Each structure stands twice: as structure tokens, then as C-alpha cells.
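Read the structure below first, then the notes.
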Amino acid sequence: MTYVIIHALAPIFVIMLLGFWAGKAKMVDNKNVSLLNIFVMDFALPATLFSATVQTPWSGIVAQSPLVLVLTGAMWITYAAIYFLATRVFKRSPQDAAVLTLTVALPNYAALGLPILGSVLGEGASTSLSVAVSIACGSVLMTPFCLLILEREKALAAGENSGSTLAMLPVLMWRSVKKPIVWGPLLGVVLSAIGIKMPDLLLASIKPLGLAATAAALFLTGVILSARKLQLNALIATSTIVKLLV
């Protein structure tokens, strides 16, 4: 069992360390990772998740309903608990608390979820489908709520009436849905639901993007980490423990 775990996780840490080293050695500009981020989040991962969802029968997608309920409940409970601790116990501003809470409650499904699940459970349509469902639950529900808090606090700081900020929620949700990492798998779900099959030529054409997604996402994570300075305090330690447990 130990060997199986090490065998599954070793490639993940090796590729992340390569990205970290590349950033520290200035082989890659770790202050400006927009190009890598665009490739991973707008092309490689959406291609992988679209391919998985569009090739999954509608019955298989419906079978993911329990996963949706569990993920949604776990993320919202975690969000509420960490936000309360950050604002009431550690006296952080609502803006800082909102961003921190989103970081804790919303796992990094894209960059780490797919590689880890693929290593442990095996790469396949079911693994990618689970990641696609997870990303949709977080991006469509939690990210807009975090942005709503930020917009409310921004309006309060400017002395404006924040009573209309709830009206922005549909706009913020639409902004999240428009991202390829979200609408890619959602488009696959819609096409699967109405019974449209994608041509094999199209799926074969985007397959190389999908094959590059895992390594590129891990490398990007390492590069991003190389630009960060480690700071540890009580709030960060608590948040880290909660994130690992949940």
C-alpha cells in the first residue's frame, strides 16, 4: 500500500518541484505566469473536461448527483466556519476573510485534483467527470459569492449604498460561467443530455491538449509557489488543518 501511494504521488511532487526550481532559477518568470495560466485554465483543462463529459452517457452524469450534494454541503459548511473564525476570532477584514475562506473551502480541483485522482484511481472519463462536477460546484456557486462580499465591502468603503449588491450575483455567476474551465465541461454535459455525439476527429484533435493538462497544471503550481513567501500564523495554521481534513 505504501508503494502504491508513493508511486501515485511521486510524479506530482516531482513536476511541482521542477516548476518551483524553474521559478526560483528565473528560467520562468514566476511574477508573470499569465501565459502558462491561460494555456492550462483556458485550453488544456477545458479540453480534458469537455472530452470527459461529452463522452459520458447522460445516466452517468445523473449518477454524479450525490457527489454534487456532498461537495456543495462540505464547501458551504467549511466556508461559513472559516469565515466566522477569520472575522470574529482572528479579527480579519471581510475582504481578507472572503478570499482566505474561498481558498480553504474550494480545493484546487483543476491543478491538483485531476493529477491526484488520475494517479490514485487511474486516468479515465469517470475521473475527469468527477473533477468537472467539482469545478462547476465551486465556480458557479462559491466564487460569485466571494466576489459579492468583495464588491459589498468596496461599496461600503466608498460610502455607497450596498443594498443593491445582491443584484450583482447573477452577473457574477455569469462571469464565472463564461470561463472556459467552467463552460467547457458544462457544454459537454448539455451535448450529452440531448444525445449529440462529437466526431471522433474532433475528440482526437483535442486529445493532445488533454494529455498536456496534468503536467502543465502541476508545473504551473510549482512556478506560482516559487514566487510566494512562506508566512505561518495561527489563522493560516488553522486554515491549513481544516483544508487538509475536509
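Worth a mention:
- Residue check for Tyr3: out of contact with any Leu (no Cβ under 7 Å at 6 or more places or on another chain), part of a helix (DSSP H, G or I) and exposed (fewer than 12 other Cβ atoms within 10 Å of the Cβ): yes
- The lone exception for Leu67 - which of (1) under 15 Å from the mean Cα position of the chain (by Cα); (2) modelled with pLDDT under 85 it fails: (1)
- Residue satisfying condition, being among the aliphatic types (A, V, I, L, M), surrounded by fewer than 17 Cβ atoms within 10 Å (Cβ to Cβ), modelled with pLDDT of 80 or more and in a helix (DSSP H, G or I), within set Leu156, Leu169, Leu218, Leu201: Leu201
- Whenever a residue of segment 10-38 is without any contact (Cβ under 8 Å) to a residue 40 or more places away in the chain and aliphatic (A, V, I, L, M), its partners that are part of a helix (DSSP H, G or I) and surrounded by fewer than 17 Cβ atoms within 10 Å (Cβ to Cβ), lying with C-beta atoms within less than 9 angstrom and at least six residues away or across chains, give the pairs Met27/Trp21.
- Beta carbons closer than 7 Å, at least 6 apart along the sequence or on distinct chains, pair a first residue in segment 234-246 that is of a type in the set (D, E, K, R) with a second that is at pLDDT 80 or above for Lys243/Val104.
- Inside segment 10-65, residues that are surrounded by fewer than 14 Cβ atoms within 10 Å (Cβ to Cβ), assigned to a helix (DSSP H, G or I) and among the small types (Gly, Ala, Ser) make up a count of 4.
- On inspection, Leu49 fails the criterion of being within 14 Å of Leu218 (Cα to Cα) and not acidic (Asp, Glu).
- Count - residues of segment 66-96 that are part of a helix (DSSP H, G or I), without any contact (Cβ under 8 Å) to a residue 40 or more places away in the chain and of a type outside the set (Ser, Thr, Tyr): 10
- Checklist (1) in contact with a helix residue (DSSP H, G or I) (Cβ under 7 Å, 6 or more places away or on another chain); (2) surrounded by 15 or more Cβ atoms within 10 Å (Cβ to Cβ) applied to Ala193, failing item: (2)
The values are calculated or read from the model by the stated rules, or taken from the named source; none is laboratory data. Not measured: the values here are computed from a predicted model. For neighbour counting, all protein chains shown are included, and Cβ atoms are generated from backbone atoms with ideal geometry for every residue, glycine included.
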